[in-house]
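See below for the structure under consideration.
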Amino acid sequence: MQSVGKRRFPLLKASSTPLPALLRTVSDAPQRRLRPRDKVLRFLKAEMETGRIQSGTRLPTNRELAAELGVSISTVQAVFSELGKEGVIDTRIGNGTFYVAQREAAQERGVRIGMSFGRQGGSRPNEFWHLAISGAILEAASEYEDVIAVTPVRLRHTTREETLADIKNVAGAVDGLILDPNFHDASIRHLLDELRLPTAFLNPPDFFSTCNFVSINFCDASIRIARAFVASERERLFFIHHSEQEMRVSAALRYTGLISILNAHPSVKLESHFCEENSEAGGYKMAARLLKRGLDRRVGIYCVSDLVAAGVYRYCVEHHIAVPDGVSIVGGTGVLESVGAAEGLTRTSQPVKEIGVKLVEMVRTLVKSGGTPLPGVYLPTRFLGGGSTSGKENEILGLTQPLIG
């Protein structure tokens, strides 16, 4: 009888992945003495030990395997059911049954986490925001005895094809990934699903996401900012984002929060503007373009980036535009190392340490559960600063006694 393994699977190098617990119990009795159930288990064990079956390999159908091994289809179904309960095979309707090794391997040797930040849109991993988040992840991971490595992962973003190729290369070296907000491409998420690579996202990967992410509540922050601007009778609101093309999901959620309040206040005019450079210089140029119209009274400016907000603040100071009496400014990042001339800049706080804890906890749980989706986590929002918003605005933002830095 021709071997199913030799016919269906190319010969690969021997696998170092630990076998699932059920397969380690297979009897060493001669083939003729094996029960039908053990024949199926022995076949799978041999294929995994030689490397013909690796994580992501599609297994033979119940009918094919039953015919090759001379057992009933119900026997194969029963074995697959047991392996499914262990979380080491995954049956996808219409696609077949696949072997998933990450969970079992992680339980044997500990969890390996890859993280990628700041490789898209000109961002650099040495920027303070990236360092703050990465440091929080490393600190949180050190609290777990079974997390044996957190590895920075370099993913190119020159083309979609390069990014997909990099993810495929990374998949065998880590058990799970933590990815930054730039990963919103549907093809990337589809590949992660295909590879069965558990992934926790920092911020929702798309506008309708409900699972596998940790984020501050951008929408709630914007609702509070809009209410503050309305209460202080701002006549116009500028929303400034800095995505390369369309708004990122985090910016879109902020914009949605603004609209949800301003729709009931048509007298307040909302304008969305794209800032080409995520920097203080970029914010300065944006302010020069927006405020030269003479719109320096009763204006609220909400910037996704604190750096941009700091540039707007500096422009106002240098051009004698009263802040906050004339122009009120709020930044959305909350993790600036220093705001320089914009000391006291009002900005959304990002609880970096808690974000790191939640991300590590999420990806670790995803790995150990075999990738079972987890509800997304929105962390409560608060505000820092208070120097670029009025007393009434600060009261609504929860800054009755403005915080500096």
Whole-percent carbon and sulfur contribution to the accessible surface of the stretch 227-326 (1.4 Å, no ligands, DNA or RNA) stands at 48 percent
Residues whose built amide H sits under 5 Å from the amide H of residue 383, excluding neighbours closer than 5 in sequence, are 349
Length gained if residue 161 through residue 35 is fully extended, taking 0.36 nm per residue and subtracting the Cα-Cα distance, is 40.6 nm
Probe 1.4 Å, heavy atoms of protein chains only: per residue, the accessible area of the stretch 193-318 in Å² is 42 Å²
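Run the numbers for residue 186 and residue 281: contour at 0.36 nm per residue of separation, minus the present Cα-Cα distance, in nm.
The residue 186-residue 281 span can extend by a further 30.9 nm.
Is the stretch 199-329 rounded, prolate or oblate when judged by the Cα gyration tensor, a ≥ b ≥ c being the square roots of its eigenvalues, rounded requiring a/c under 1.5 and prolate requiring a/b larger than b/c?
Details: a/c = 2.34, a/b = 1.45, b/c = 1.62.
Here the stretch 199-329 falls in the oblate category.
The values are calculated or read from the model by the stated rules, or taken from the named source; none is laboratory data. Worth saying up front: this structure is predicted, and the values here are computed from it rather than measured. Surface accessibility is based on the protein's heavy atoms, side chains included, excluding ligands, DNA and RNA. Shrake-Rupley method; radii C 1.70, N 1.55, O 1.52, S 1.80 Å.
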